[in-house]
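A.B. asks: I have a structure I would like to understand better, so I am pasting it below and will then ask my questions one at a time.
Each value in this text was obtained by applying a stated rule to the coordinates, not by laboratory testing. All of these numbers come straight from a predicted model, not from anything done at the bench. We place every Cβ from the backbone using ideal geometry, glycine too, and count neighbours over all the protein chains shown.
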């Protein structure tokens, strides 16, 4: 069900996370979100951070906003993306311990910055049946949506990554564990949709990773992962817009793979996920897959990344517009959405860099909108009337 991206040509958004304000020092830890919101200091910092993230997106001129993933704590490599659900869902222990990943391919060599993330994996273990627990996604979305009139998208990690992260004294079988996470997340996402969230984003199904990393747990093949995704979102598209986000990773804003990877081996499978839109990393990984994406993904919207989440170099608007024009050779404007490759808040980037990347995205998109004769977005950040260095014209 298209809600946020309905009736907008070339809508712009970001994948999710933004760099945390330096003054946002309060940590959520394992405390529930609603419990934390009782504390005046924590609430003030959190609401101010969400407001700052939203305002930055509005000033840039984005059409669909996020809360910047402000509920994630400052953790090595942005590991809170995985850790938050594992410390707030039902069925996990109160105690946490250093936990090696269950998938060997996720273990970088010592001496590499990504190895530090292994030392950040201090996690609880599964000790009972999994449930939504205190995820409180609907409450988080409400805090953001009541601060802006623009639609706010909310995202979450997918079951196979959660299942690969934790020790398990209850399910024993990793595939059974994946499906238990899937059922629990589905319950939480229905509560989020019922609250009115216009876009729910499911992040990083491992479908596209199988050719390069192998089957999760040595057992979950691509068709299994498609079924797992579809179970996690079952019933949601009757209520809200669903995005499936794929990229090639960005802990600490780093590339996980030395070489550029291709989506082409798994595009047919990605076309089978029960989503309204699928995102692709097409800036940092290049445009080589666009023709295949356009030829395969024909009934969903295609979200292309036009800014690189790995680098501090700010893309120029003409670079953004050139990428969009290339995409339009293969994907009609009615089904094209403009975004970042991935999140920009996984430890390595400043707020100012992220701000100007969003501005470049909007200015480049406006160039193409102008050529197509469709309305441009207002970009206050680039309005010469408000420059401190130039006289008003």
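A.B. asks: Kindly express, to the nearest 10 degrees and within the range 0 to 90, the angle between helix 40-60's C-alpha long axis and the longest C-alpha principal axis of the chain.
C.D. replies: The two axes meet at around 40 degrees.
A.B. asks: OK, next. With a Förster radius of 25 Å, plug the Cβ-Cβ distance of residue 1 and residue 187 into 1/(1 + (r/R0)^6) and report the FRET value to the nearest 0.05. Walk me through the numbers before you get to the answer.
C.D. replies: Numbers: r = 19 Å, r/R0 = 0.77.
The calculated FRET efficiency here is 0.85.
A.B. asks: On to the next question. Determine the gain in length on full extension of the stretch residue 212-residue 230; use 0.36 nm per residue of separation and subtract their C-alpha separation, reporting nm with one decimal. Walk me through the intermediate numbers first.
C.D. replies: Details: separation 18, 0.36 × 18 = 6.48 nm, distance 2.24 nm.
Contour length minus Cα-Cα distance gives 4.2 nm.
A.B. asks: With 10 angstrom as the radius, rank 8, 122 by how many other C-beta atoms surround their C-beta, starting from the fewest.
C.D. replies: Working: 8 16, 122 13.
Result, fewest neighbours first: 122, 8.
A.B. asks: Sort 220, 28 so the one with the fewest other Cβ atoms within 10 Å of its own Cβ comes first.
C.D. replies: On the way: 220 22, 28 19.
So the ranking, lowest neighbour count to highest, is 28, 220.
A.B. asks: PRE reach from residue 350 (point 7 Å along Cα→Cβ): which of the range 6-30 fall under 18 Å by backbone N?
C.D. replies: Answer for this model: 18-24.
A.B. asks: Taking a point 7 angstrom from the Cα of residue 287 along the C-beta vector, which residues in the range 354-393 have backbone N less than 13 Å away?
C.D. replies: From the range 354-393, the list is 368.
A.B. asks: Could you list 44, 334, 204, 376 so that the one with the fewest beta carbons within 10 Å of its beta carbon is first and the one with the most is last? Intermediate results must be reported in sequence, preceding the final value.
C.D. replies: Values: 44 11, 334 8, 204 22, 376 15.
In order of increasing Cβ crowding within 10 Å: 334, 44, 376, 204.
A.B. asks: Compute the acute angle (0 to 90°) between the alpha-carbon long axis of helix 222-232 and the principal axis of greatest extent of the alpha-carbon atoms of the chain; round to the nearest 10°.
C.D. replies: The two axes meet at around 90 degrees.
A.B. asks: Between residue 194 and residue 170, what is the label-point separation in nm under the 7 Å Cα-to-beta-carbon projection?
C.D. replies: Taking the simple label geometry, residue 170 and residue 194 are separated by 2.1 nm.
A.B. asks: What do you get for Rg/Rh of the range 157-229 when both radii come from the Cα atoms and Rh is the Kirkwood radius? Don't skip to the end; give the middle numbers.
C.D. replies: On the way: Rg = 13.1 Å, Rh = 13.1 Å.
Expressed as Rg/Rh, it is 1.00.
A.B. asks: Right, another one. Pick from 176, 378, 315: which residue has the top mean-square fluctuation in a GNM of the chain where Cα pairs under 10 Å get a spring?
C.D. replies: Fluctuation is largest for 176.
A.B. asks: When the helix-only estimate is applied to the chain (DSSP H runs of n ≥ 4, each -39,500 (n - 2.57), divided by the residue count), what is the mean residue ellipticity at 222 nm, nearest 500 deg cm²/dmol? Please list the in-between numbers first.
C.D. replies: Values: 13 runs with 135 residues, N = 393.
Computed mean residue ellipticity for the chain: -10000 deg cm²/dmol.
A.B. asks: Quick check: pseudo-label points 7 Å beyond the Cα along Cα→Cβ at residue 95 and residue 318, how many nm apart are they?
C.D. replies: Taking the simple label geometry, residue 95 and residue 318 are separated by 6.3 nm.
A.B. asks: Quick one: P(r) of the range 202-325 from all Cα-Cα pairs, 10 Å bins, percents rounded to integers, in order of increasing distance.
C.D. replies: Calculated P(r), rounded to whole percents: 12, 42, 35, 10, 0.
A.B. asks: For a Förster distance of 45 Å, can you work out the FRET efficiency between the beta-carbons of residue 102 and residue 390, rounded to the nearest 0.05? Show your work: numbers first, answer last.
C.D. replies: Numbers: r = 56 Å, r/R0 = 1.25.
With a Förster radius of 45 Å, E is 0.20.
A.B. asks: If you average the alpha carbon positions of the range 131-188 and of the range 20-89, how far apart do those two centres end up, in angstrom?
C.D. replies: One Cα centre to the other: 16 Å.
A.B. asks: When the Cα atoms of the range 130-172 are enclosed in a convex hull and the volume is divided per residue, what value in Å³ results?
C.D. replies: Working: hull volume 3.6 nm³, N = 43.
About 83 Å³ per residue, rounded to a whole number.
A.B. asks: Using 10 Å bins from zero, what percent of all Cα-Cα pairs in the range 258-306 falls into each bin?
C.D. replies: P(r) for the range 258-306, in whole percents per bin: 26, 60, 13, 1.
A.B. asks: Oh, and also: What value in Å³ per residue do you get for the convex hull of the alpha-carbon atoms in the range 33-382?
C.D. replies: 131
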